[in-house]
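This report refers to the structure that appears directly beneath it.
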Amino acid sequence: AASEKRNLSLGGHVGFDSLPDQLVSKSVTQGFCFNILCVGETGIGKSTLMNTLFNTMFENEEASHYQNGVCMRPRTYDLQESNVHLKLTIVDTVGFGDQINKEESYKPIVDYIDTQFENYLQEELKIKRSLFNYHDGRIHICLYFIAPTGHSLKSLDLVTMKKLDSKVNIIPIIAKADTISKSELHKFKIKIMSELVSNGVQIYQFPTDDDAVTEINSSMNAHLPFAVVGSIEEVKVGNKTVRARQYPWGVVQVENESHCDFVKLREMLIRVNMEDLREQTHARHYELYRRCKLEEMGFKDTDPDCEPFSLQETYEAKRKEFMGDLQKKEEEMRQMFVNKVKETEAELKEKERELHNKFEQLKHMHQEEKRKVEEKRRELEEEMNAFNRRKVAAETLSLAQPLKKDKDKKK
Ligand code: GTP
Ligand code: MG
């Protein structure tokens, strides 16, 4: 068939064998970014471990135990080793494990991770994308700090890791491993792994499909969870100064593999699998987020008959749906308006009737009053007439009397 490929040999040097070098050179100039999320209770040693891992002093302030909830604190640093630039972001969970009710503790963490995915997706969906110099905030690795109790995982640990395992690569580590004895540590590790398995928590597995790292990665997978010790102190051991923790009974050397797994963690996280962590984040976790989000938004790859469904068609379908919705809403609004008008009209009519009644009543009262006044006036007039009549009578009477007196005088 036409699609079959044929093997040909080149007649001479062409030069595309420099392609890998071109890639390396491009990557070096571009620099890398790597984002670490540290989840663990306050004071468990997150900052100390970061300082130890990168052999530097990041800015650091202790969290109080009195936070109302968990909050996320991202900090970005530019680091350089020989000619390679690393833009490192360390995200801290502040106040994790400090609340009496820890039911919601995982939420801010999940939200943070989702927000980073969402930002990346938005950039991807832009017409003018600039993914090349976009600052990618997606979390490449979540270091989950387990308290060195020697017992088992806490339910907060299980719940949180379960909520995170589909969103981020999780590497569980036992913090402050110098506080746990060797035999206890062995049992503790087994216990933790079996609890993770029985609760269905997926942790990051170092990849074994690349021949160059198969051996080391598969042996390291068996050492999980790493038991680590962090320290910012330097102690003289023999004629070397090393990072260590000094106790009255001896010195715990951070980089001594018989003391703890710190070197294994650094090896696995930074020197061997950093690129795989970045890749897994993009190809697995981000891909899952993107798929769910686009499906939620109504995008499809195929129509009901399994025929390819283009973006254009999706858009048109969505548009139609949206217009339909809009029309329905408009109709509803209109109906609501009509009802409202009717209601108001009825109310107004009722008010008018009331007013009318009131007016009639007042009119009636007024007429009544007028009638009463009229009557009173008549009464008064009558009284006045009667009075006048009496007055006239009295006057006539008094006129007649003096005449009689005069008559009497003349006598
Ligand atoms: P917050 O940021 O306040 O939540 O604390 P954190 O988790 O960053 O802890 P931090 O690194 O500030 O360490 C807290 C205390 O634990 C400090 O006194 C550290 O010296 C001590 N510490 C850190 N790592 C270890 C360790 O591996 N073993 C022991 N024994 N102590 C440690
Ligand atoms: Mg800290």
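Structure notes:
- Accessible area ranking (1.4 Å probe, heavy atoms, ligands and nucleic acids excluded), largest first, for Ser82, Ser130, Ser105: Ser82, Ser130, Ser105.
- The DSSP beta bridges internal to the chain are antiparallel in roughly 55% of cases.
- Springs between Cα atoms under 10 Å define the GNM used for the chain, and in it the highest mean-square fluctuation of Met274, Met57, Met193 occurs at Met57.
- Bridges between two residues of region 1-122, per DSSP, are antiparallel at a rate of about 60%.
- Residue-count net charge about Lys154 - beta-carbon cut-off 12 Å; Lys, Arg +1, Asp, Glu -1: -2
- Proximal lysines to Lys5, defined as alpha-carbon separation beneath 26 angstrom and excluding residues fewer than eight positions away on the same chain: none
- Region 43-81 and region 220-236 have Cα centres lying 17 Å from one another.
- Acute angle (nearest 10 degrees) that the helix 311-410 long axis makes with the longest principal axis of the chain, alpha-carbon atoms: 20
- Those aspartates and glutamates that a straight Cα-Cα span of less than 19 Å connects to Lys376, excepting residues fewer than 8 apart in one chain: Glu368
- When the pairs Lys329/Lys351; Lys102/Lys154; Lys154/Lys293; Lys293/Lys318; Lys318/Lys340; Lys191/Lys264 are compared against a 22 Å limit on Cα-Cα distance, Lys329/Lys351; Lys154/Lys293; Lys318/Lys340 fall above it.
- Remark: the chain carries a charge dipole of roughly 3480 debye about the Cα centre, counting +1 on each Lys and Arg Cβ and -1 on each Asp and Glu Cβ.
- Given 16 as the ceiling on other Cβ atoms within 10 Å, longest exposed-site-free region of the chain for GluC sites (Glu not before Pro) in DSSP loops: 258-411
- Solvent-accessible area assigned to carbon and sulfur over region 1-120 amounts to 49 percent, based on a 1.4 Å probe.
- Three-way shape label, region 252-411, alpha-carbon gyration tensor, a/c 1.5: oblate
- Angle between the chain longest axis and helix 155-164 axis [Cα atoms, degrees, rounded to 10]: 90
- With the helix formula -39500 (n - 2.57) applied to DSSP H stretches of n ≥ 4, the chain reaches a computed 222 nm mean residue ellipticity of -17000 deg cm²/dmol.
- Within the listed set Lys342, Lys182, Lys191, the residue fluctuating most in the Gaussian network model of the chain (springs between alpha-carbon atoms under 10 angstrom) is Lys342.
- For the chain, averaging the sequence separation of C-alpha pairs within contact (under 8 Å, six or more residues apart) and dividing by the residue count gives a relative contact order of 11 percent.
- GNM result for the chain, Cα springs below 10 Å: residue of Val392, Val94, Val84 fluctuating most strongly: Val392
- Intensity falloff of the chain expressed as log10 I(q)/I(0), Debye formula with alpha-carbon point scatterers, at q = 0.06, 0.12 Å⁻¹: -0.47, -1.11
- For region 86-185: accessible area per residue (Å², 1.4 Å): 45
- Contact order relative to length of region 133-291, as percent, for alpha carbon pairs under 8 angstrom and 6 or more apart: 23
- Solvent-accessible area, 1.4 Å probe, carbon plus sulfur percent, for region 205-244: 48
The values are calculated or read from the model by the stated rules, or taken from the named source; none is laboratory data. These numbers were taken from a predicted model, which means no experiment stands behind them. Counting neighbours? That spans all protein chains shown, and the Cβs are built from the backbone with ideal geometry, glycine included. All accessible areas refer to the heavy atoms of the entire protein, side chains included, with ligands and DNA or RNA removed. Shrake-Rupley method; radii C 1.70, N 1.55, O 1.52, S 1.80 Å.
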